[in-house]
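K.L.:
Got a structure here, written out as structure tokens. Questions coming.
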Amino acid sequence: MKTLIPSLIIALVILGSCSKEQRIVNRMQGKWTVIEVEITNSGTFEPNMVFQFDYCKMRTTDFCDYSLHDFDQDATVNGTYAIGENGESVLMSSLNGWGANFNEFEIEKLNSRRLRLVNYNAEIGEYRRFELRSIE
């Protein structure tokens, strides 16, 4: 009993020291199927896409890797993501033929089963909202 209480206190300190950004990365890690997407001025549809958010330690890097596989077009986009300082947004970058694209999405919902990302500044033809469901 004497060692149980100090062990619990140490565990709580370690868990409490984990940054909000790292907790978001931990929750986003894994595969997510896209169940609905909204494109500005085009409406919503149900794509055949899967996001893979890789795990990383925020203390050693500012960006983590992700990939987006579009099964309909048999294409994969690779990029990086970073969690905003407030833990309420995610900045995603991806490479295309002309350079890198950067999009900032607000994290409207994040739990073990659902993730909703919204880009309030999306231009016409860009992804405005992703609804995702965890598959891992």
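K.L.:
Scan the range 109-132 and report the pairs whose first residue is surrounded by fewer than 18 Cβ atoms within 10 Å (Cβ to Cβ) and whose second residue is assigned to a strand (DSSP E or B) and among the hydroxyl-bearing types (Ser, Thr, Tyr), with Cβ atoms within less than 7 Å and a gap of 6+ or a chain change.
P.N.:
Sorted first by the residue in the range 109-132, then by its partner, the pairs are Ser112/Ser134; Arg113/Ser134.
K.L.:
Looking only at the range 53-111, which residues are part of a strand (DSSP E or B) and of a type in the set (D, E, K, R)?
P.N.:
Selection gives Asp65, Asp70, Glu104, Glu106, Glu108, Lys109.
K.L.:
Could you check, for the range 58-68, whether at least one of its residues is free of Cβ contacts under 8 Å to residues at least 60 places away in the same chain, more than 16 Å from the chain's Cα centre (by Cα) and over 18 Å from Ile35 (Cα atoms)?
P.N.:
yes
Every number here is computed from the coordinates shown, using simple stated rules; none is lab data. Treat the numbers as computed from the prediction; the structure is a model and nothing was measured. When we count neighbours, we look across all protein chains shown, and the Cβ atoms used for this are built from the backbone with ideal geometry, even at glycine.
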